[in-house]
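No lab work stands behind these numbers, since they all come straight from the coordinates. As the structure is a prediction and not an experimental result, all values here were calculated from the model. Positions of Cβ are generated from backbone atoms using ideal geometry, with glycine treated the same way; all protein chains shown enter the neighbour counts.
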Amino acid sequence: MIRLVLVAVMSLLALTQAIAAPAIGQKAPAFSAIDSNGKLRSLSEFKGRIVVLEWTNNGCPYVRKHYGSGNMQKVQADLTAQGAVWLSIISSAPGKQGFVNGAEANQLTAARSAHPTAVLLDPTGEVGHAYEAQTTPHMFIIDRQGILRYMGAIDDQPTTDPSSLQSARTYVREAFAAVSAGRPVEVTATDPYGCSVKYQ
Amino acid sequence: MHVFAGLMRISIALCLLSVAAALPAAAGDVATTSHVEARLVSEVEGVPASGGVVSLALLQTMQPEWHTYWRNPGESGEPTTLAWSLPQGFSASDIKWPHPERIPYGELANYGYSQQVLLRSEITVPPGEAVGSTITFKVDATWLVCKDICVPEQATLDLTLPVVEGTPASNAQLKEAFAKARATEPILGGPFDGHFSVRADTVTLYFVPTGKTAQSIGAQFFPYTKGQIKASALQTPERLGQGFAISVPAGWRLRDASQLNQTSRIDGVLVIPSDSGTQAFEISLQKGGVPAGPVAAAGADIPFLQAIAFAILGGLILNLMPCVFPILSMKALSLVRSGHAERPWVDGLVYLAGVMTTFASLAGALLWLRSLGEDVGWGFQLQSPVSVAALAYILAGVGFSLSGLFYLGGSLQNAGQNLSNHTGLVGTFFTGVLAVVVAAPCTAPFMGAAMSFAFTQSAPVTIAVFLALGFGLALPWVIFSMVPALVRLLPRPGEWMDSFKQFLAFPMYGAAAWLVWVISQQVSPEDLFRVMIGLVLLGFSAWAFGTLQRRAAESRSFILSFLFFIAGLGGAIALIAMPFDPARPAQSTDDSPGNHAFAEAYSAARLAKLLAEGNPVFVNLTAAWCVSCLYNERVALSTDAVRNAFRDTGTVYLLGDWTNQNPEISALLKQHGRDGVPLYLYFAADSAAPVILPQILTEGLILDTLKGTK
């Protein structure tokens with residue numbers, strides 16, 4: 001009896017684990033934020049669907065490479081057509097580059113023919129901090145069970161040069177395809193590249 | 001302000017113009033982009049006809065506050081690139097990067113250069129070029145330049161040099177710039193051996209000088225690979241033996257288990273400030289804990305014996321803890337019951353063995369977990385609600401037994417048997433084990449510091465300290481059992497023993513209640529309720545178990561009792577095995593740490609920012625389950641005088657609550673050689689090196705510290 005209790009206690013003691021930064025294979029940090037239409041959105045409402053998070057800042061040259069060339073819109077359109085929820089998140093603080101209000105965000109979406117499911121406004125940087133978003137763009141993919149499956153760069157071309165897109169390996173497409181098909185993701189994390197997120 | 005900045009910009013532009021005017025043709029092509037003036041330059045004024053190596057460089061002059069990036073740009077950004085177009089037979093080396101500076105941007109940070117940087121490339125010249133002819137070198141350069149926003153820029157530059165006989169003359173105008181660049185390039189094979197270890201999301205970098213003691217103040221490490229360490233984390237070198245260590249939060253590469261396995265070294269540049277500028281060394285840090293040799297040896301001199309002495313003393317004190325005392329008393333009772341035992345000292349030694357074995361296994365388990373990268377410091381057993389709840393169950397369970405709900409260690413009939421028989425000794429051994437288990441929650445709040453010391457040492461020292469603690473814990477009973485005169489002092493067995501045993505249940509319930517309070521600081525009210533229901537179920541199960549012990553196996557009620565016992569125990573375990581909601585309720589009770597209106601929550605970024613601004617800062621790292629922390633907060637940190645002193649001196653009070661796991665706080669503790677709370681740090685204005693205050697604070701001490709009279 002005592003022996004059993006002791007074994008149980010020792011294994012329980014061993015269970016202690018840090019709750020820390022976003023990690024692949026772990027539950028993605030929960031969040032909620034106001035979208036560009038003033039509606040409160042949260043990660044939990046998309047349970048059962050694959051969610052793609054994209055940190056963005058329309059003034060950043062790296063973001064411009066992807067939107068100016070139509071690349072980001074194409075990835076958005078392809079993935080959302082396959083059932084993905086695409087959340088573009090703006091963590092720029094008021095007065096900083098990329099900060100927009102809801103109406104401006106909607107104008108931006110229309111002007112560049114983007115296809116996000118929603119644009120989330122995160123001027124306090126709360127969502128950005130939960131994911132430790134560093135750059136624009138910085139991408140995350142969360143599976144149907146809410147587990148983080150990919151984090152990092154959109155592709156393997158850390159440059160502002162649009163011609164780099166031709167030979168780019170788009171990690172986000174690969175990871176989404178794998179998650180969608182229930183296969184393990186080959187490249188689960190990469191170094192994000194781009195401009196710093198303009199936190200307050 | 002704007003006018004001033006404008007004037008500054010104009011005057012700097014004028015300076016640059018005058019420098020540009022003074023430069024000879026060999027200084028080459030200039031490209032002026034919106035934020036950078038870029039120039040292709042040569043260290044020498046000609047190309048040797050006999051062949052050799054000449055240095056060409058891109059000289060970037062940034063506008064004030066703008067910066068370009070190092071080879072690892074840090075948390076964002078992009079390094080400068082040079083693509084050379086060279087004549088047949090010529091080749092260019094990679095950029096010889098000068099060491100970077102850390103450039104904070106908000107809470108992120110980059111590695112790069114501000115003001116001016118010379119990016120040197122070594123061009124290998126083949127022999128046999130005709131003297132008098134000229135060679136044209138062309139480079140396509142791209143870079144990202146950032147201030148609060150970023151601009152990608154590029155330039156194509158060329159430079160033509162004559163082919164000359166013998167050694168070409170050096171370029172007088174640029175001699176200094178090249179010399180400066182060379183001096184800031186890292187020296188290969190510097191006077192350090194390096195190691196690193198990763199423990200639950202904290203990377204510790206160890207630097208051990210191969211020669212004499214090394215300067216460590218202000219040392220900074222810049223890794224070549226992005227994502228290995230958190231670039232924005234403040235690096236505070238800690239002296240360790242002859243060398244020093246820097247602990248920083250891990251980047252994603254070292255947080256990810258598979259990536260971590262693939263990482264056998266961290267390569268980068270160690271920059272050490274000195275009187276004559278800075279020195280930079282290229283270092284390859286090998287995976288492995290504290291390196292053997294000077295560091296480990298230096299830590300183990302006198303403090304080792306002291307630590308052993310303190311550990312024995314600590315173990316003695318543990319005997320008085322409410323959770324251990326009843327166990328010991330039970331032990332005494334069993335001796336009273338078998339008062340005629342022939343060799344009580346055998347019993348004492350077996351008990352000692354039980355205690356020591358358990359402490360050694362605990363130390364072994366902790367060391368093993370740490371080698372796997374888990375962040376377990378002493379006190380860890382109180383950071384997870386699951387383990388706190390499990391400890392509360394055990395204490396309550398022992399309490400139920402003392403209250404007579406059921407019998408521990410065999411049936412009532414066996415309890416009085418001769419201690420020297422087999423069953424008796426096994427029971428005694430496990431009493432020792434149990435004493436350690438119930439002592440575990442008590443050691444964290446009172447003995448965190450001693451335990452911390454143990455874990456900064458090598459594995460044998462750690463285990464030695466734990467064993468000494470166990471020795472101290474077992475010592476009173478061992479002495480007691482060995483001195484027959486003391487045994488004879490025990491009162492005669494009788495009715496009083498049952499009453500006394502039942503009385504002893506109450507300290508256990510008290511300790512369990514304290515643990516439930518700790519849980520209340522960690523989980524939501526719903527989850528707290530779950531734990532309390534779990535305790536009720538445990539009691540139910542204990543009662544059912546007791547009826548089992550009293551009943552004959554074949555009766556129908558035996559089966560019912562058995563079902564009750566299983567259902568109760570299963571339910572109790574299931575209730576705490578379900579995941580707890582990590583969301584912590586707002587701290588509102590008076591006893592909560594952090595009940596200081598003027599305190600701000602600690603974060604590494606906040607501390608770095610305050611220090612950068614030159615503010616005086618007081619850091620209090622605390623936890624709800626840390627009794628001495630709460631005591632200090634009560635008597636020394638929340639008085640009106642202290643409150644006023646904080647306000648009058650403009651000292652910012654940062655409070656880090658370690659009740660639950662918090663990697664940033666763990667990192668700060670480790671930086672200061674601690675494994676547990678409390679830790680009090682005071683940074684005087686414009687000082688990056690803190691004063692570490694004692695673990696027991698007084699109001700006067702705080703006032704003196706804040707007012708700088710101490």
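Some observations on this one:
- Rg to Rh quotient for region B:121-237, alpha carbon positions, Kirkwood Rh: 1.09
- Between region B:34-99 and region B:182-231, the alpha-carbon center distance in angstrom: 25
- The order of B:VAL691, B:VAL436, B:VAL30, B:VAL44, going from fewest to most other C-beta atoms within 10 Å of their C-beta, is B:VAL691, B:VAL30, B:VAL44, B:VAL436.
- Within region A:151-174: backbone nitrogen closer than 20 Å to the A:GLN82 label point (7 Å, Cα to C-beta): A:151-157, A:165-174
- Along the axis of the charge dipole computed for chain A (Cβ charges of +1 for Lys and Arg, -1 for Asp and Glu, origin at the Cα centre), the listed residues A:THR135, A:ASN106, A:GLY59 are led at the positive end by A:ASN106.
- Listing A:ILE89, B:ILE573, A:ILE24, A:ILE147 from fewest to most neighbouring C-beta atoms within 10 Å gives A:ILE147, B:ILE573, A:ILE24, A:ILE89.
- Beta bridges per DSSP, both residues in chain A: antiparallel share near 65 percent.
- Fully extended contour minus Cα-Cα distance, from B:THR81 to B:ALA257, at 0.36 nm per residue: 60.1 nm
- Ignoring lysines fewer than eight residues from A:LYS27 along the same chain, the ones with Cα atoms less than 25 angstrom from its Cα are A:LYS39, A:LYS47, B:LYS226, B:LYS230.
- Charge dipole (region B:111-177, unit charges on Cβ, about Cα centre) - positive-most of B:ASN171, B:VAL125, B:GLY112: B:GLY112
- Quotient of the Cα radius of gyration of chain A and 2.2 N^0.38 Å, N being its number of residues: 1.12.
- Each label point was placed 7 Å from the Cα along the Cα-to-Cβ direction; for A:SER69 and A:GLN200 their separation is 3.5 nm.
- Footprinting exposure proxy for A:GLU126, A:GLU54 (fewest neighbouring C-beta atoms within 10 Å first): A:GLU126, A:GLU54
- FRET E, pair B:PHE304, A:SER163, Förster distance 60 Å, beta-carbon r, rounded to 0.05: 0.40
- Per residue, the convex hull spanned by the Cα atoms of region B:650-689 measures out at 77 cubic angstrom.
- About its Cα centre, the dipole of region A:112-180 is roughly 240 debye, where the only charges are +1 on Lys and Arg Cβ and -1 on Asp and Glu Cβ.
- Net charge in the neighbourhood of A:ASP155 (other residues with Cβ under 11 Å of its Cβ; Lys, Arg +1, Asp, Glu -1) is +1.
- Compared with the direct C-alpha span, the chain from B:GLU613 to B:SER114 gains 177.7 nm at full extension, assuming 0.36 nm per residue.
- When only the Cβ of Lys, Arg, Asp and Glu is charged (+1, +1, -1, -1), the dipole of region B:35-89 relative to its Cα centre reaches about 160 debye.
- Cross-link check: pairs B:LYS180/B:LYS609; B:LYS96/B:LYS609; A:LYS198/B:LYS147 evaluated at a Cα-Cα cut-off of 20 Å; pairs beyond the cut-off: B:LYS180/B:LYS609; B:LYS96/B:LYS609.
- Calculated FRET value between B:ARG634 and B:ASP704, using beta carbons and R₀ = 22 Å, to 0.05: 0.70
- When only the Cβ of Lys, Arg, Asp and Glu is charged (+1, +1, -1, -1), the dipole of region B:65-106 relative to its Cα centre reaches about 160 debye.
- For region A:75-121, alpha-carbon Rg over 2.2 N^0.38 Å: 1.21
- Hits among lysines - C-alpha to C-alpha of B:LYS331 under 25 Å, sequence gap 8 or more where chains match: B:LYS501
- Across region A:189-200, coupling constants 3J(HN,Hα) worked out from phi with the 6.51/-1.76/1.60 Karplus curve, θ = phi - 60°, read 8, 9, 6, x, 10, x, 7, 4, 5, 8, 5, 6 Hz, and Gly and Pro carry x.
- Inter-label distance for B:ARG488 and B:THR210, nm, one decimal - labels placed 7 Å from Cα along Cα-to-Cβ: 7.1
- Stretched out straight at 0.36 nm per residue, the stretch from B:MET532 to B:ALA360 would grow longer than its current Cα-Cα span by 58.7 nm.
- Note on B:GLN154/B:ALA183: beta-carbon distance plugged into 1/(1 + (r/R0)^6) with R0 of 30 Å gives a FRET efficiency of 0.55.
- Nonlocal amide H pairs with B:VAL125, under 5 Å, H built at 1.01 Å: B:GLY52, B:VAL53, B:VAL54
- Cα centroid of region B:477-527 to Cα centroid of region A:75-93, whole Å: 60
- For B:LYS707, the aspartates and glutamates whose Cα comes closer than 14 Å to its Cα, not counting residues fewer than 8 places off in the same chain, are B:ASP648, B:GLU699.
- Label-to-label distance, B:THR136 versus A:ASN106, with points set 7 angstrom from Cα along the beta-carbon direction: 5.7 nm.
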